[in-house]
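Please treat every number below as a calculation from the coordinates, not as lab data. Please read these numbers as outputs of a predicted model, since none were measured by experiment. Here Cβ is always computed from backbone atoms with ideal geometry, including for glycine, and neighbour counts include all displayed protein chains.
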There are 4 protein chains.
Amino acid sequence: MTPGAERETTLRADAARNRARVLQVAREQLAAGDDSLMLNTIARLAGVGVGTVYRHFPNRHALLEALLAERFQQFVDEAQVAAADEDARAGLHRLLRFALEHALNDAGFAAVLGSASDADARTSAMKAELDRAVAELLDRARDAGVVRHDVEADDIRRLLCGVEHAIRSGDDDARHARLYLDVLLEGLRPPPR
Amino acid sequence: MTPGAERETTLRADAARNRARVLQVAREQLAAGDDSLMLNTIARLAGVGVGTVYRHFPNRHALLEALLAERFQQFVDEAQVAAADEDARAGLHRLLRFALEHALNDAGFAAVLGSASDADARTSAMKAELDRAVAELLDRARDAGVVRHDVEADDIRRLLCGVEHAIRSGDDDARHARLYLDVLLEGLRPPPR
Amino acid sequence: MTPGAERETTLRADAARNRARVLQVAREQLAAGDDSLMLNTIARLAGVGVGTVYRHFPNRHALLEALLAERFQQFVDEAQVAAADEDARAGLHRLLRFALEHALNDAGFAAVLGSASDADARTSAMKAELDRAVAELLDRARDAGVVRHDVEADDIRRLLCGVEHAIRSGDDDARHARLYLDVLLEGLRPPPR
Amino acid sequence: MTPGAERETTLRADAARNRARVLQVAREQLAAGDDSLMLNTIARLAGVGVGTVYRHFPNRHALLEALLAERFQQFVDEAQVAAADEDARAGLHRLLRFALEHALNDAGFAAVLGSASDADARTSAMKAELDRAVAELLDRARDAGVVRHDVEADDIRRLLCGVEHAIRSGDDDARHARLYLDVLLEGLRPPPR
DNA sequence: AATGAATGAGTCTTCATTCAT
DNA sequence: AATGAATGAAGACTCATTCAT
């Protein structure tokens, strides 16, 4: 029984259920475009008392962090796999498409991805892990001459958030998503001459 | 007697001065990064009563619209000049750099630029005017083979907002601004093959 | 028109009325033994909105201060007159009876009188003024040999609060008040031999 | 089988230990000047669940009563000894000094001593016992002409609380304690004619 | 008997908007 | 036309008490 995992494990069955419900409702609220995350409302929707929400998440931010930690780690794992692709350019492509999908599905995810400073050290750690994977991929891509020299992992993250933003602003159908991502990918090539 | 025109015409000198002050303060607030736009605060800073603010702008949104209308028209004018450039690609370049500067200086400007629906018909009209100019430029650029065929004026607007977003997320120094805009410009070229 | 008085004067008629109502209700609450001073409740009882209460008194403490300032100054004025009595012992007697009446009528008054540290400088100033008057009286009384040498103005204040406390604890009829005050006055005489 | 007795008797060893811990923590809290007595906090500090606290003490008041009962009985015992002093005035002196020490050490103690009505019959019984001892002492002192005729046991209790209050309001060093108690003792002598 | 998660009424505080002056 | 006091709905958070485990 890992000590870290234990915290989750020893949670009483009903407490765990409530915690999950709250996270679930919060996620739905965000997905529905309501980023106010009112703890009272969430409590009502989750069918628990306000106090229960506050017990699990002392403030709005803690809730957001929890929401993100879940998704982000999951994503970082996938990202690392994608980053190992033999073909660096293809790997980058896959990685970005990957991240974009996540960002489009989860507004909170995009928010973290694109913020300069993190409130929680765990978030920063995960972001660093992600940047490390991207940096490796970029290095290989640069060596292969398929990516311009003046962009770094950090820039990739920010540009991706920009694309996500562009897609969200207006009809965010698949065609636009594909087009905007493609523009980014083409723009990342070393400029002619 | 056009009602719209009358409002502007009959404005007493002091009323006009108050209106200008309110807009000025609101602009400063936004520039200072405070996008809450509390009308009470603005009134205090402008040295007028809240009631006065409400007389001129029935609600927060009206204030935002007014703020934008001012800037936007000014921008559209400049844009039309830029769009007339002989060299279509150079014109596009200038136009985007132009817009980007505005967007970085004025968060509200970027918000309008990137929103799918407008609250005020005048805004839509100006946006249409802008898109018309960009569309012409794009047509010429496409004919010259320097821009991919699958992007429209609307996409340009959205992508630009994306770039603005990327620049704002983190250190928004000149280097990043130039780099991200360049990535966009390169990405807009017709893809190889 | 004195500047100090003006603040009160320029208060709009209705604002002044509301402020007075709030103070009135707060005073009644305290008198009724409820020292929780819930601003919402006070607002309701005063027939004004919560916001109005908050406009006049940003927090509970400000309300208390206002409540006290009113009474205290009024009392200090009277005290100074009483302190000027030719017969020092009689003056002290009158002064204490005087203060006791106030303290019994207004719990807040007693609270300030008996607290070692004040939150508001004005309160400290008034207290100092009071102590000055008492000190003069004590000096004369000591010279006349009718008060023990080891008590100071500060002690008088504290002992009086003690008496007030004793009177409140139980039936606080006039007999008890007279008796306890008399015990104090006798106790203040120089001890035999 | 007396229900009251049973409760004490059948208390399991661990239950008794928990009860004692809770009382201990509550006492410490009060001593530390925190008279909010939050049962959740006490439970945490005592290392038991809230439920356990509630099992032993159905509400905050019951806890207070229990806290006091302990001390009070202990005090009454000592008081009865002190009251048996040959020299009535000396006995009174010792008794009051005695009570004062207790009251200064234990704010709850003073609260009970000075309250007109008790929540628990046991408290009233103990208070009656105390008053009986004091009354005897007073009778003897009056007969000896060393205490005024118009004070009763009840008054002694209340005046003592007054002194305690005075001592607490400000620097409560030994000098002040001695002085204020002395003022009371002198004040209790029969007034000169 | 013990635990501590859950509850939700209760309180504080802010701020967009109205309206008497 | 201007003022700013008043309003009160809305949101954040606490804590005494209950009850399933």
Let me check the size of chain B from its C-alpha atoms; what are the radius of gyration and Dmax in Å?
19.0, 64
Looks like segment B:101-173, by Cα gyration tensor root eigenvalues a ≥ b ≥ c and the a/c under 1.5 rounded cutoff (else prolate when a/b is bigger than b/c, oblate otherwise), is oblate
Of D:LEU160, D:GLY49, D:ALA16, whose Cα points farthest to the positive end of the dipole of chain D (charges on the beta-carbon: +1 Lys, Arg; -1 Asp, Glu; origin at the Cα centre)?
D:GLY49
Place the label 7 angstrom along Cα→C-beta at A:PRO190 and in each other copy, then list the distances from the first to the rest in nm, shortest first.
2.4, 10.7, 11.7
How many nm separate the modelled label positions at B:ALA84 and A:VAL81, each set 7 Å beyond the Cα in the direction of the Cβ?
5.8
Quote to one decimal, in nm, the extra length available between D:GLU152 and D:ALA174 on full extension: 0.36 nm per residue of separation minus the C-alpha distance between them.
5.2 nm
Could you tell me which of D:PHE98, D:LEU184, D:ALA174 has its Cα farthest along the dipole of segment D:95-193 towards the positive end, charges placed at Cβ (Lys, Arg +1; Asp, Glu -1), taken about the Cα centre?
D:LEU184
Name the chain C residue with the Cβ nearest the axis that maps C onto A: which is it, and what is the distance in angstrom?
C:ASN40, 9
List, shortest first and in nm to one decimal, how far the label point of C:ALA66 (7 Å from Cα along Cα→Cβ) is from its counterparts in the other copies.
3.3, 4.1, 4.4
At 7 angstrom along the Cα-to-beta-carbon line, where would the label on B:SER117 sit relative to the other copies? Give the distances in nm, shortest first.
3.7, 5.8, 6.4
GluC sites (Glu not before Pro) within segment A:60-113: which are DSSP loop residues with at most 15 other Cβ atoms inside 10 Å?
A:GLU86
What nm value, rounded to one decimal, do you get for the distance between A:ALA135 and C:ALA20 when each label is placed 7 Å out toward the C-beta?
7.2
Show me, for segment C:51-58, the HN-Hα J-couplings you get by feeding each phi into the Karplus relation (A = 6.51, B = -1.76, C = 1.60, θ = phi - 60°), rounded to Hz, glycine and proline as x.
x, 5, 4, 5, 5, 6, 9, x
Quick one: which residues, 5 or more positions from A:ARG189 or on another chain, have an amide H under 5 Å from its amide H? H modelled 1.01 Å from N in the peptide plane, none for Pro or chain starts.
A:ARG148
Would you give the gap between the C-alpha center of segment D:42-82 and the C-alpha center of segment D:142-174, rounded to a whole Å?
27
Between Rg and the Kirkwood Rh of the protein assembly as shown, both from Cα atoms, what is the Rg to Rh ratio?
1.15
Answer in debye to the nearest 20: the dipole magnitude of chain A about its Cα centre, from +1 Lys/Arg and -1 Asp/Glu charges placed on Cβ, is 500
Explain nothing, just the number: dipole magnitude of the protein assembly as shown about its Cα centre with +1 on each Lys and Arg Cβ and -1 on each Asp and Glu Cβ, in debye rounded to the nearest 20.
740
